[in-house]
Amino acid sequence: MALSGNKSVNSTAGVVSPLLSKVTAVKRINSKELLSEQGRLEIEHDTEIYRLTRTKNGKLILTK
């Protein structure tokens, strides 16, 4: 399938989306730096507190 302009194709649906064509740099932080040795971090968003926690299996869980 040929594309023209700045559009990209969503391979799962075959839909052309102009939103997917813009690539921007995203800030990346290592989770070990973010969570420290405790494996937990509290994030204040608006007036709510969220907790980011590393599990024993190394997964991340975000809870409110």
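Measure up K22/K59; K32/K56; K32/K64 against 24 Å on the Cα-Cα distance and list the ones that go over. Can you show the working numbers first?
Values: K22/K59 30 Å; K32/K56 14 Å; K32/K64 21 Å.
Checking Cα-Cα distances, K22/K59 exceed 24 Å.
Enumerate by residue number the GluC sites (Glu not before Pro) in the range 22-64 meeting two conditions: DSSP loop (anything except H, G, I, E, B), and at most 11 other Cβ atoms within 10 Å of the site's Cβ.
Values: sites: E33, E37, E42, E44, E48; in loops: E37.
Filter output for the range 22-64: E37.
Computed from the coordinates by the stated procedures, all read-outs in this text should not be read as laboratory data. If you're wondering where the values come from, they're calculated on a predicted model, not measured in any experiment. Ideal geometry is used to build each Cβ from the backbone, glycine not excepted, and the neighbour counts take in all protein chains shown.
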